[in-house]
Structure formats: C-alpha cells, structure tokens
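Colleague: Take this structure, written in structure tokens, and hold onto it; I'll ask about it next.
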Amino acid sequence: MIVMNGFRILQSHNGQGWETVGTIKKVEKGIVAGVYNLFLSKEAEANNTVYEGIILYIDKEKEIVYQKVDKEFITHKLKPFKTKPTIGKNVSIRYDNNQLNLTLENHCL
C-alpha cells in the first residue's frame, strides 16, 4: 500500500512487477504518507496476546484487517470483531482465550 498526496494506492505483485489493484482512494485521516509493505504481514496469534497500533486497511474480499504494530504489520480475521474497526485509528486488539477485544482511546467497542 502506498500513501501519498492524500491518496491510498494498493499494489500487488503479478510475477513480473507491481501493478495497481482496485481504485485509488482518498486516504483515511490518521494514516501518514509512506510505503506500507502489507505483503510482509504476520498473522495475529490468538493466545493471550495484545497488539497496539494503527488500523491501516481492511480487505473486505479476504475479510482481513491490517494493523501496523511498531514496525511490523499484523493481520486479523475480520469476522471475530463485534464492530468493524476504523481505518486510521490507533487501537488495542487483545486476544484472551481466542476471544478478540478491541479497545479504542480507552473505550471498549
């Protein structure tokens, strides 16, 4: 994902190079310009783990939430969320005994 000039561009590697996929969209407030290597994402561990960071992107087709945690990218399955997380917001995602809890600005959602 590339963010520049207030817009978000998603790219995918097609075996020969990178190509833009989908439409170029206005970036959500809270996401700064840069290159986000979402293809390097690691799947969240659902065993008593906490992930704190910004929600970067939600892939509705694959039902995956991408979160930047420090310098890493973490993926979460979308289905366990009681409410869809907001892109551009800093959140804490906690897994307790395989149950997902989302906290935003000290308010539980």
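Colleague: Check Val21 against each of (1) of a type in the set (A, V, I, L, M); (2) in contact with a Pro (Cβ under 7 Å, 6 or more places away or on another chain); (3) exposed (fewer than 15 other Cβ atoms within 10 Å of the Cβ) and name the one condition it does not meet.
Modeller: Val21 satisfies every listed condition except (2).
Colleague: In region 12-51, how many residues are closer than 20 Å to Glu72 by Cβ, part of a strand (DSSP E or B) and modelled with pLDDT of 90 or more?
Modeller: Selection size over region 12-51: 6.
Colleague: Can you tell me which residue within region 30-57, out of those that are within 13 Å of Ser92 (Cα to Cα), open to solvent by less than 30 Å² (accessible area, probe 1.4 Å) and among the hydrophobic types (A, V, I, L, M, F, W, C), is farthest from the chain's Cα centre (by Cα)?
Modeller: Ala44
Colleague: Within region 73-109, track down each residue that is farther than 20 Å from Val27 by Cα, assigned to a loop (DSSP other than H, G, I, E, B) and in contact (Cβ under 8 Å) with a residue 40 or more places away in the chain.
Modeller: Asn97, Asn98
Colleague: Let me ask something else about it. If I go through region 41-72 residue by residue, how many of them are closer than 15 Å to Lys84 by Cβ and either touching a helix residue (DSSP H, G or I) at 6+ places or on another chain (Cβ under 9 Å) or without any contact (Cβ under 8 Å) to a residue 24 or more places away in the chain (or both)?
Modeller: Matching residues across region 41-72 total 10.
The values are calculated or read from the model by the stated rules, or taken from the named source; none is laboratory data. Keep in mind it's a predicted model, so treat the numbers as computed, not measured. All Cβ positions, glycine included, derive from the backbone under ideal geometry; neighbour counts span all protein chains shown. Heavy atoms of the whole protein, side chains included, go into the accessibility calculation; ligands, DNA and RNA do not. Shrake-Rupley method; radii C 1.70, N 1.55, O 1.52, S 1.80 Å.
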